[in-house]
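A.B. asks: Take this structure, written in structure tokens, and hold onto it; I'll ask about it next.
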Amino acid sequence: MLTKRNLKYFFIISLVILSFVSGACSDKSEINTGKESQEITVFAAASLTESLKEIVEEFKRINPESNIQLNLSSSSRLRVQIEQGVQADIYLSANKRHYEILREKGFVAEGKNFLSNTMVVVVPQDNPANINDLIDLTKQCKLVVAQKEVPAGSYALQVLNNLEEKFGTDYKEKVLENVVSRENNVKQVLAKVIIGEADAAFVYSSDITPGVKGKVKLLQIPDEYNVKASYWAAILKGSQNKDNVKAFYEFLTGEKGQEIFKKYGFTNA
């Protein structure tokens with residue numbers, strides 16, 4: 001039979017046990033938090049979609065504890081999201097301009113030019129507008145390009161400027177009169193051609209993946225009139241001391257990452 005004194009000791013011991021259990025649960029929570037820190041958030045240009053997904057799969061095969069979240073959109077839109085405070089660890093831009101804007105505003109911890117690309121004109125496989133040469137873009141047709149703030153849109157305008165040397169000073173103006181839609185990213189531009197809502201479009205060479213090749217025809221842009229699209233990678237402030245972020249950054253910009261990007265039509269910086 002418990003006395004009042006024994007009950008008092010029992011109560012005190014119970015409190016000590018509860019305190020110990022609570023402390024143990026707290027320690028376990030901290031361990032889980034450490035595991036959650038393995039998540040890497042990557043904001044990347046839409047033109048990197050297929051190649052980056054393969055790179056993520058390969059990296060996770062080597063580092064199974066990593067959890068990589070991809071936000072794929074236009075470089076301009078992703079840049080604005082970062083400026084507005086949306087959390088990201090790595091930013092991959094399809095041009096230097098948006099990278100430089102973030103760097104000048106203090107968002108970039110480190111970065112570099114890691115890839116190059118070029119532009120190409122695509123038409124539907126049945127080519128209803130009979131566009132067989134770049135000069136044919138001046139004929140009445142439904143042309144789709146990316147918005148000018150988007151790298152793919154800016155590069156398309158540069159190509160048109162360059163082609164005026166070949167086709168005359170009014171070439172760009174005549175071609176732009178045929179624009180029926182300006183899309184938010186290059187994948188949306190390509191989709192318009194594939195589904196038959198456009199007669200032609202400017203996209204990246206890397207967009208012509210195996211799954212796309214049988215659905216479109218290509219009009220190559222001569223090298224002397226084409227552009228070299230430069231892609232830039234950045235580790236963002238606040239993430240530079242995370243070992244897993246640094247490891248993924250070095251993987252995608254390093255030799256293994258370059259091998260995978262080449263499979264999708266990209267070239268070295």
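The values are calculated or read from the model by the stated rules, or taken from the named source; none is laboratory data. Note that this is a predicted model, so its numbers are computed, not measured. In this analysis, Cβ positions are derived from the backbone assuming ideal geometry, glycine residues included, and neighbour counts consider all displayed protein chains.
A.B. asks: Kindly indicate which of Val86, Val123, Val80 is assigned to a strand (DSSP E or B) and among the β-branched types (Val, Ile, Thr).
C.D. replies: Val123
A.B. asks: Would you say Gly257 is of a type outside the set (Phe, Trp, Tyr) and outside any helix (DSSP H, G or I)? Spell out the reasoning first.
C.D. replies: On the way: of a type outside the set (Phe, Trp, Tyr): yes; outside any helix (DSSP H, G or I): no.
No.
A.B. asks: Only residues that are in contact (Cβ under 8 Å) with a residue 60 or more places away in the chain and of a type outside the set (S, T, N, Q): list them for segment 177-197, please.
C.D. replies: Val186, Lys187, Leu190, Val193, Ile194, Gly196
A.B. asks: Okay, next question. Looking only at segment 221-250, count how many residues are closer than 25 Å to Gln81 by Cβ, among the charged types (D, E, K, R) and assigned to a loop (DSSP other than H, G, I, E, B).
C.D. replies: The number of residues fulfilling the criteria is 2.
A.B. asks: Follow-up. Every residue in segment 142-171 that is more than 28 Å from the chain's Cα centre (by Cα) and crowded, with 19+ Cβ neighbours inside 10 Å, please. Explain how you work it out, then say what you get.
C.D. replies: Of all residues in segment 142-171, those more than 28 Å from the chain's Cα centre (by Cα) come to 163-171.
Within segment 142-171, Leu163, Tyr171 meet the criteria.
A.B. asks: Return yes or no: is Ala198 assigned to a loop (DSSP other than H, G, I, E, B) and either closer than 28 Å to Ala88 by Cβ or small (Gly, Ala, Ser) (or both)?
C.D. replies: When the stated conditions are applied, Ala198 passes them.
A.B. asks: Moving on. Checking Val123 against (1) buried (at least 17 other Cβ atoms within 10 Å of the Cβ); (2) farther than 23 Å from Thr209 by Cα, which single condition isn't satisfied?
C.D. replies: (2)
A.B. asks: While we're on this one: Of Glu183, Glu224, Glu197, which residue is more than 19 Å from the chain's Cα centre (by Cα), of a type in the set (Asp, Glu), in the same structural domain as Glu165 (by TED's automatic domain parsing) and on the phi < 0 side of the Ramachandran plot?
C.D. replies: Glu197
A.B. asks: Next up: Of the conditions (1) within 23 Å of Phe248 (Cβ to Cβ); (2) part of a loop (DSSP other than H, G, I, E, B), Leu115 satisfies every one except a single condition; which number is it?
C.D. replies: (2)
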